[in-house]
Amino acid sequence: MFQNTKCECGHQNPVGTVLCESCGKPLDEELLTDESALLEMRYDGVARRSQKANPHPIDRIWNFFSSVKIAVYLIIITLVGAALGTIFQQENTLINMTESSEFAAYYKEKYGTAGVIYHALGLSRTYESWWFILLLVMIGTSLVVCSLDRVLPLYRALSKQQIRKHLQFINRQQVVYAGPLKGDQEAWITELGKQLKRKHYRVWQEDGALLAEKNRFSRWGPYINHIGLIIFLLAVLGRGIPAWHMDQYLSLYEGETRQIPGTNYYIKNDKFTVDYYTDAELANNQKGTKVVKLYETKARLYACTESCDDPLNEPVLKEVVQHDIHVNSALSYKGLQIYQNSFQQRVRFISVHPTLTNKETGVQIGDFDLLMDNPAEKYDVGQYKLALIDYYPDFDLDEQKRPMTKTREPNNPAFVFQIKGPDTPADGEIYIYFAMPNEKSKVYEKLLNDSFKQRGDSSGRFAVSVENPVVDGKMNNIKYSEYTTFLNIRVDKAMPYIWFGAAISMIGLIMGFYWQHRRIWLRIDDGQLSLGGHTNKNSFGLRADVAWALGRTGIEVSPKSLDNRRNGR
Amino acid sequence: MNWLDFSSNSFIVAFYLYCASFISFAIAVAGKRWSNRKAEDHTSRWGKIGFGLAAIGWLAHLTFFFTRWYGGGHIPTSNMYEFMTFLGMAIMFAFIIVHLIYRNMLLGAFALPLVIIIIAYASVFPSEVQPLIPALNNYWLKIHVTTAATGEAFFAVGFAAALMQLIRVVDFSRKDKVGKRAQFWTEFSLYVIIVLIGFLVAVFAFRGAGYEATFSQEKVTIADDGTATSEVKEVKYGLPPIVAPYNSDIVEFQSFIGLDKPLFDAPSWMNGVNAGRKLNTIIWSVISGSLLYGLLRLLARKPLAAAIHPHLTDIDAEDLEEISYRAIAIGFPVFTLGALIFAMIWAQIAWSRFWGWDPKEVWALVTFLFYSAYLHLRLSRGWQGTRSAWLAVIGFLVVMFTLVGVNLVIAGLHSYAGV
Ligand code: HEM
């Protein structure tokens, strides 16, 4: 199709131009036939790259991504996909499962057939799925392309505007006024310009024509918003870069120090506390229930300075920071963030402080410290030397009634000592000590020690036990941790970009929505005034401006009567 | 009288003032032929009275809010009761702003019932001041919740105007398919609103009568480490149980017009906290809402939309569309800031991640995407007018689902106690 792109005003327009770039006369065939229809004023009718006549394959891709229609589809598909992901729990909320089969079983058990389908479709991992990420990438691409496609043409159209516009251009705006004008026309135009200036319009005048414009900058709002969104999306994708992102959980009982995997840092839980609201603080319908007020880990962060990766030596640690971690208050150190996640009430042994006694004489020989994790191999107690020859943290008997340990956790720790001293045989006496102060382990302790005696490994004189294990209802000479804290350790180097993108986006939104670009064109031909106004939003405000300014110059009109759309539609 | 009592009294005052304001607006819309004044004068006079009452009501509502804040020691936006009353207050704020811009005397006739329904809904929840749980104990709570609710409030006003627009343009003389469809859906929207009112009527009627039934429900929970613990919980019903909770026994049951045991049990997949009771509530809402709707239909002797339609003919549909669009345009940046950006900042501080795909977060994003689709669609031809009004209506449904539905249907970090 041949299209004449030279306008009657003499301006040569690029192919695809809808309204002459110079005088605004409609060029598009369709627009010319129906003279009463409103003009499509987007981008002031200038040509865009996506409107080329014979698209090349690359142009087709370009056109695809620059189309607002496609953008809306993308947004809607993303919206629906995101919503589907909320029907059932997502896999990543099930922290304690890892295997695909475990998840499958969970969904089957919890949600039945629907759950099986949900899991099989991959909806249980919606937000990590390739199609969801692809949608975000496509929205991002579309944002880049549509902005490039439009922003330059729009800039060109707005930066070189002609004051005197074609009559059709003026009469087919959304806000119009037409009527005779008596008296001195130039003086009237100047006066109207003055009034519009009072409404903060910038005014240009040319013989018998006027252009008033305000808030042009708000037209850049959507583009700035889109740029912010692009930065935001890039930052979100950047979180996929392994070095930029770390997210792991550590559990620590009180007193425990652990290395943060993958780093040079060690974290220690000095103490964990939970506070509950008292009944007086609770509402009536909550009384008697336990409502947590605060839970907090007193934590210390250490950096390893020497023999860090040396399996033979203990690492040398240097304390770098101390912080009481609670919800809403994380420990933060050089980009490393440590958050309070949750806690569990679980008693765990740390150490005991037992005493070695001679049962025959009743003499207390001495006491010593016994750790549950990595206990020392030798102890000096009075004149005696104790060697730890076996340690069962979680004592039990196997099928052949031989001692064994079920786990590495000190749930029922049993220590086998060889006691050597002035009055013992050369290879010492054997004694097994159960640290747990309960009936069952004491029965075991007696039973096993009696069998040692029968075998001749022991005289049965010695006893290891904790003195006064309970004082005032509290365990004494025994150290244990009451709670295990779960900490979440994070590194997220993309965060600054995320906030930056969000801020830019917000600025764009505010620019675009709380200011509106308003333009008023008028020209006088043989005593006949034609006025047209355009705004990208809020034509109510524009009509009010026009009616006010006309009223000030002697033309009383109601704002509503200026509305051209009501006839148009 | 302490601060909290004073606060509740202010709330009641606000509620009655809103009702009075609604009545004035309704007179402004419907009573044009009653007086011998000119229709315009009548509307403007009663509209002004309505607006004045609404403004005083809002002051009482503000008093409620600030005295509760002072008396309770923290900003009252931390449970469902407090949030919904705040939302009502925010909608009034948005309504006042939009009213001051457009001076449309009839908008109140649709905005006020919305506010009244929302604060009545709030009153269904326990209204006592509860102490904050650790996650909520942060000043971002104030900032995030208040801005998000303000954004949503503008969407609510956009919804009210869009609904007016739909009733204004619906043409009951049309017999073709498209016309019929428009009639059906407009009427259906009104029906849904009446079901909501039915819910409120049922809850308050039975509560007023002191109705209560109790079940004991055995609940087996499987902890993360695989151990199963079974726990017997009491489930209290305020409405006569048509549906019993899954796996439960009756503890106490006041019979109600011959209903002395539940008609059926909730299905097993509805085993969430109080799922049986929620299902029961929904059934009651539909029953009482339908009765109410039937009654109104009998009185009007025609579809309700057809009954309201003639009173709106002297407003331009274009004006309503403009109001609706503008309210949404004002609300969109506020919503983005409050419900997404501030939410992310707070989530980063409290939960270590700015975004965790928690159902509430996802639905805030869905709301955001929905309204951005709305804004983009309006850039194209053919999507202004009725279609865009429907989008504004659906958009508000999405908002309400995010605020209420997610809590009732999907549990997550943000869940407050349900109905
Ligand atoms: C989630 C992603 C997006 C959001 C939140 C968003 C947001 C917005 C907003 C708020 C506006 C202003 C609307 C108005 O002034 O009424 C806008 C305008 C626009 N958007 Fe988007 N947008 C998104 C994606 C896209 C994409 C992918 C495209 C690609 C085609 C696109 C193309 C446009 C265009 C062409 C405009 C009009 C610009 C103008 O008035 O000059 N948007 N967008």
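A short reminder: the numbers here are calculations on the coordinates, not readings from a lab. What you see is a predicted model; the values in this text were computed from it and never measured. So basically every Cβ, Gly included, is an ideal-geometry build from the backbone, and we count neighbours across all protein chains shown.
Tabulated results
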| read-out | value |
| --- | --- |
| Gyration tensor (alpha-carbon) shape descriptor, the range B:229-376, a/c threshold 1.5 | oblate |
| Footprinting exposure proxy for A:9, A:20, A:146 (fewest neighbouring C-beta atoms within 10 Å first) | A:9, A:146, A:20 |
| For the range A:239-341: rounded, prolate or oblate by the Cα gyration tensor [a/c cutoff 1.5] | prolate |
| Estimated FRET transfer efficiency (residue A:141, residue A:76; beta-carbon r; R0 25 Å; 0.05) | 0.90 |
| Average Cα contact separation per residue, chain B, under 8 Å, 6 or more apart, as relative contact order % | 18 percent |
| Residue A:191/residue B:387 FRET efficiency (R0 51 Å; Cβ-Cβ; nearest 0.05) | 0.75 |
| Dimensionless Rg ratio for the protein assembly as shown, taking C-alpha atoms and the 2.2 N^0.38 Å reference | 1.22 |
| Taking only Cα atoms of the range B:48-110, radius of gyration then Dmax in Å | 13.2, 39 |
| Base-10 log of normalised Debye intensity for the range A:354-476 (one unit scatterer per alpha-carbon) at q = 0.10, 0.21 Å⁻¹ | -0.30, -1.38 |
| Positive-end extreme of charge dipole, the protein assembly as shown - chosen from A:418, A:112, A:466 (charges on Cβ) | A:112 |
| Length released on extending from residue A:454 to residue A:109, taking residue separation times 0.36 nm less the Cα-Cα span | 118.8 nm |
| Mean-position separation - Cα centroids, the range B:41-75 and the range A:529-569, in angstrom | 35 Å |
| Over chain B: helical MRE at 222 nm, DSSP H runs n ≥ 4 each giving -39500 (n - 2.57), nearest 500 | -21500 deg cm²/dmol |
| Ascending count of other beta-carbon atoms within 10 Å, so fewest first, for B:42, A:200 | A:200, B:42 |
| Two-decimal ratio, the range B:66-218, of alpha-carbon radius of gyration to 2.2 N^0.38 Å | 1.30 |
| Relative pair counts by distance (%), Cα atoms of chain A, 20 Å bins | 14, 29, 23, 17, 11, 6, 0 |
| Within straight-line cross-link reach of residue B:38, aspartates and glutamates at Cα separation under 19 Å, skipping those fewer than 8 residues along the same chain | B:314, B:316 |
| Virtual spin-label span in nm between residue A:11 and residue A:387, 7 Å along Cα→Cβ | 10.1 nm |
| Kyte-Doolittle at least -1.0, axis length at least 24 Å by Cα - qualifying DSSP helices, chain B | B:3-30, B:39-72, B:80-102, B:139-169, B:177-208, B:275-300, B:317-335, B:359-379 |
| Potential lengthening between residue B:295 and residue B:250 on full extension [0.36 nm per residue; Cα-Cα distance subtracted] | 12.8 nm |
| Principal-axis tilt of helix A:495-514 within chain A, Cα atoms, nearest 10 degrees | 30 degrees |
| Distant alpha-carbon pairs in chain B (separation over 39 angstrom), percent | 22 percent |
| Spatially proximal lysines relative to residue A:406 (Cα-Cα < 24 Å; intrachain offsets below 8 disregarded) | A:440, A:442, A:446, A:479 |
| Relative contact order, percent, the range A:469-564 [alpha-carbon distance under 8 Å, six or more residues apart] | 13 percent |
| Sequence of B:256, B:93, A:434, B:335 once ranked by neighbouring C-beta atoms within 10 Å, starting from the fewest | B:256, B:93, A:434, B:335 |
| Whole-angstrom gap from the range A:287-358 to the range A:186-224, using each part's C-alpha centre | 66 Å |
| Alpha carbon centroid spacing (whole Å) that separates the range A:405-466 from the range B:292-361 | 74 Å |
| Residue-averaged [θ]222 nm for chain A, counting only DSSP H segments that reach four residues, each worth -39500 (n - 2.57) | -10000 deg cm²/dmol |
| Positive dipole terminus of the range A:51-157, leading residue within A:132, A:75, A:153 (C-beta point charges) | A:153 |
| Degrees between helix A:185-198 axis and first principal axis of chain A (Cα, 0 to 90, nearest 10) | 10 degrees |
| Unit charges on C-beta of K, R, D, E only; dipole of the protein assembly as shown, Debye | 4580 debye |
| Isolated Cys in the protein assembly as shown, by beta carbon distance under 4.7 Å | A:146, B:19 |
| Extension gain (nm, one decimal) between residue A:117 and residue A:308, 0.36 nm per residue minus Cα-Cα | 63.9 nm |
| Nearest-ten-degree value, helix A:439-455 long axis tilted from longest Cα axis of chain A | 40 degrees |
| Net dipole in debye of chain A [+1 Lys, Arg Cβ; -1 Asp, Glu Cβ; about Cα centre; nearest 20] | 3020 debye |
| Relative contact order of the range B:1-99, defined on C-alpha pairs under 8 angstrom at six or more residues apart (%) | 35 percent |
